[in-house]
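Undergrad: Please find one structure pasted underneath; my questions will follow.
The values are calculated or read from the model by the stated rules, or taken from the named source; none is laboratory data. Please read all numbers here as calculations on a predicted model, not as lab measurements. We place every Cβ from the backbone using ideal geometry, glycine too, and count neighbours over all the protein chains shown. Each accessible area value is taken on the protein alone, full model and side chains, heavy atoms only, with ligands, DNA and RNA left out. Shrake-Rupley method; radii C 1.70, N 1.55, O 1.52, S 1.80 Å.
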Amino acid sequence: MKVDLNCDMGESFGLYQMGNDEEMMKYISSANIACGFHAGDPHVMRQTVLLAKEYDVAIGAHPGFPDLIGFGRRHLNCTPAEVKDYVIYQMGALNGFAQNYGLELQHCKPHGALFMMAMSDEKLARAILEGIASFSDNMIVFALNNSAVAHEGEKMGLPIAKELYADREHTKDGSIILTRTGPSIQSYEEMADRVVNMVKDKKVITPDGEEAGVDVHTVCIHGDTKGAPELIKQIRYRLEEADIKIEPVRNIITE
């Protein structure tokens with residue numbers, strides 16, 4: 001049994017520092033790197049790509065709305081054509097740094113409001129997917145269970161990685177409750193065990209106690225969650241203890 005561990009990275013810019021990139025990079029297998037629209041800048045992008053190369057972590061684009069002030073969490077009224085252009089532009093920017101250091105983009109995971117809006121909006125989902133497909137029809141797309149992105153991507157023949165979250169609660173359809181604090185960390189061990197159960201049993205427990213069946217190829221741990229470095233250490237330990245291998249998502253999707 002295998003699973004990918006991913007984290008949003010490269011979200012600092014200028015003098016503003018976000019996340020715990022270097023510490024988190026030691027324990028994940030895939031990094032979602034901000035591309036300058038919701039966060040990040042050329043220098044941070046370069047540094048994050050180099051950091052991923054140092055720790056042998058697969059890299060992917062993390063495109064968002066052009067919204068530095070709102071950190072990409074505000075719902076913007078953009079046309080599908082505009083969204084497609086945003087995705088292509090940002091993936092191209094990150095790919096420039098990747099190629100410069102002999103790396104390839106493994107995946108694409110939209111950020112924040114763009115990610116959540118596309119999960120229920122077929123036109124927006126299709127625009128994002130067309131942008132990704134124009135870059136490469138082998139690019140893995142991260143998506144929530146039962147989302148428009150997953151359904152439309154499968155129709156288009158794109159490889160879809162179903163994603164769950166270590167530090168967010170889930171709804172009964174496999175989506176997430178987009179709180180910025182996530183569940184309160186009372187016990188790193190309990191939260192890590194929850195991830196193990198997600199992977200082994202393909203089930204999540206909703207906040208109201210319902211059990212939902214899900215698929216999971218990759219699990220996200222946000223680097224700006226309080227206590228994230230300790231949480232990811234415990235998750236990795238518990239997964240390995242349960243004989244679950246941690247590998248880049250390309251090794252899971254392609255099998």
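Undergrad: Within the set of pairs 6+ apart or on separate chains, which have a first residue in the range 142-170 that is within 21 Å of Arg236 (Cβ to Cβ), a second that is assigned to a helix (DSSP H, G or I) and modelled with pLDDT under 95, and C-beta atoms under 7 Å apart?
TA: Ala161/Ile253; Leu164/Met198; Ala166/Met191; Ala166/Val195; Ala166/Leu231; Asp167/Leu231
Undergrad: So which of Glu130, Glu122 ends up being acidic (Asp, Glu), closer than 19 Å to Lys162 by Cβ and in contact (Cβ under 8 Å) with a residue 12 or more places away in the chain?
TA: Residue meeting the stated conditions: Glu122.
Undergrad: For the subset of the range 135-155 comprising residues that are farther than 25 Å from Ile221 by Cα and in contact with a helix residue (DSSP H, G or I) (Cβ under 6 Å, 6 or more places away or on another chain), which member is most open to solvent (accessible area, probe 1.4 Å)?
TA: Phe135
Undergrad: Could you say which residue among Met24, Met45, Met9 is farther than 22 Å from Glu163 by Cα, among the aliphatic types (A, V, I, L, M) and either open to solvent by 10 Å² or more (accessible area, probe 1.4 Å) or modelled with pLDDT of 95 or more (or both)?
TA: Met45
Undergrad: Moving on to the next point. It is to be established whether one or more residues within the range 51-68 are among the charged types (D, E, K, R) and open to solvent by less than 20 Å² (accessible area, probe 1.4 Å).
TA: Taking every residue of the range 51-68 in turn, at least one turns out to be among the charged types (D, E, K, R) and open to solvent by less than 20 Å² (accessible area, probe 1.4 Å).
Undergrad: Given (1) in contact with a helix residue (DSSP H, G or I) (Cβ under 8 Å, 6 or more places away or on another chain); (2) open to solvent by less than 40 Å² (accessible area, probe 1.4 Å); (3) of a type outside the set (Asp, Glu), identify the lone condition not met by Arg126.
TA: Looking at each condition in turn, Arg126 falls short on (2).
Undergrad: Then there's this: Please name all residue pairs, on different chains or six or more residues apart, with Cβ atoms under 8 Å, provided the first residue is in the range 235-255 and is under 8 Å from Val3 (Cα atoms) and the second residue is part of a helix (DSSP H, G or I) and open to solvent by 100 Å² or more (accessible area, probe 1.4 Å).
TA: Ile244/Lys200
Undergrad: Report every pair of residues separated by at least 6 positions or lying on different chains whose Cβ atoms are under 6 Å apart, first residue within the range 177-203 and under 19 Å from Asp215 (Cα atoms), second at pLDDT 85 or above and part of a loop (DSSP other than H, G, I, E, B).
TA: Hits for this filter: Val195/Ala166; Val196/Ala242; Met198/Val216; Val199/Val216; Val199/Ile244; Lys202/Val214.
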